[in-house]
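These notes are about the structure you will find just below.
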Amino acid sequence: MIRRLGYACIALGSTATTNRTCRLTNATPERLRELIALNLGGLAEVLHYNTRLNIRFFRVSSMIVPFASHPINTIPWWEEFADELADIGRYAISQRMRLSMHPGQHTVLSSPRVEVVDAAIRDLVYHARFLGALGLNREHKIVVHAGGTYGDRAKAVDRFVEAFERLSGATAERLVLENDERSYSAEAVLGISARTGIPVVFDALHDRVLSSPGSADRPSLLAECFRTWHASDGPPIVHFSSQDPGKQPGAHAEWIDPAEFLAFAQDTGPTWTDCMLEAKGKELALLRLRQALAPVATEATLSADERLSALAVQR
């Protein structure tokens, strides 16, 4: 069952933005302070916008603090903007919102290049520091991928585990690991989870593109992923998107196919989960999905706390 539906980073129906940045050559302390202030103001606006739409799950852009893990940014932004960050966090908590972050493709812990792994660790520390500066507990997660196989999956996994063990508790406790569409199936990331204790985020489209031969049926695989989550991690997170028919496998469509989503929601079984919709239509796709599924929602199927249907419909 799905408790909260969310979307990622950009609110298409709002003028607010959280990803203002600049060229590296223009990244002076003054310019970075200006951008951070504007981005934090934008985040506050987006969260209020989400409240009006009854959206309680949101992925914050990694760009909210420009060049946060780059040596060019020497600003102790978590101190200088402590009040603004705390206000945003208190608001999210008051609205029972869950926030997540998802570092980009260059944040790779399994790389054979030491400098890449070192940079990835710095980036993860930044993400954890940001969520911590908001005053949010460990339910608010950082989603990562395992990376590439680099011609030897076993060694790549070993490098991932070794890099993970270098992370401080404050960073490690926020990490969750998502299956991808190229190298690491859900079964593969479950194997990494068994070695590290990292909870697994099940991505439905990625699993559709890349499944291990003889893999378990989807309800069983979901249940196995859910067992990697502990109470302190909050409800398991899942990702759902529909395939863009005109692009390569794994490309997100503009909207969500209601029938596909409903089937997936039913496969999640009795476990309450939070679902990030990865559609190009962002919150507009979420709202369209709600409207499409509204006829199957009744008061009898709504949860008492979040007012969501047991079939994953937000009203």
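Worth a mention:
- Of all residues in the range 129-150 being among the hydrophobic types (A, V, I, L, M, F, W, C) and over 16 Å from the mean Cα position of the chain (by Cα), the one that is surrounded by the fewest Cβ atoms within 10 Å (Cβ to Cβ): Ala133
- Screening Thr171 with (1) among the polar types (S, T, N, Q); (2) at pLDDT 95 or above; (3) under 30 Å from Pro213 (Cα atoms) gives one miss only, at (3).
- Members of the range 107-128 found to be surrounded by fewer than 18 Cβ atoms within 10 Å (Cβ to Cβ) and either within 14 Å of Gly89 (Cβ to Cβ) or not aliphatic (A, V, I, L, M) (or both), listed by number: Pro112, Arg113, Glu115, Asp118, Arg122
- Residues within the range 151-190 that are among the small types (Gly, Ala, Ser), surrounded by fewer than 16 Cβ atoms within 10 Å (Cβ to Cβ) and at negative phi, tallied: 4
- Selection within the range 217-244 - outside any helix (DSSP H, G or I), in contact with a helix residue (DSSP H, G or I) (Cβ under 7 Å, 6 or more places away or on another chain) and either small (Gly, Ala, Ser) or surrounded by fewer than 16 Cβ atoms within 10 Å (Cβ to Cβ) (or both): Ser241, Ser242
Yes/no matrix, rows are residues, columns are (1) charged (D, E, K, R); (2) modelled with pLDDT under 95; (3) in contact with a Gly (Cβ under 7 Å, 6 or more places away or on another chain):
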residue: Met101; (1), (2), (3): no, no, no
residue: Ser110; (1), (2), (3): no, no, yes
residue: Asn137; (1), (2), (3): no, no, no
residue: Val144; (1), (2), (3): no, no, no
residue: Arg159; (1), (2), (3): yes, no, no
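- Scanning the range 89-122 for residues being charged (D, E, K, R), part of a helix (DSSP H, G or I) and farther than 26 Å from Gly147 by Cα gives a total of 1.
- Residue list for the range 163-182, restricted to those being farther than 22 Å from Glu115 by Cα and in a loop (DSSP other than H, G, I, E, B): Glu173, Arg174, Asn179, Asp180, Glu181, Arg182
- The single residue among Leu293, Leu286 that is at pLDDT below 95 and either under 28 Å from Arg174 (Cβ atoms) or assigned to a helix (DSSP H, G or I) (or both) turns out to be Leu293.
The values are calculated or read from the model by the stated rules, or taken from the named source; none is laboratory data. It should be emphasised that the depicted structure is a prediction, and the values quoted were computed from it without experimental measurement. Positions of Cβ are backbone-derived with ideal geometry, glycine not excepted, and every protein chain shown enters the neighbour counts.
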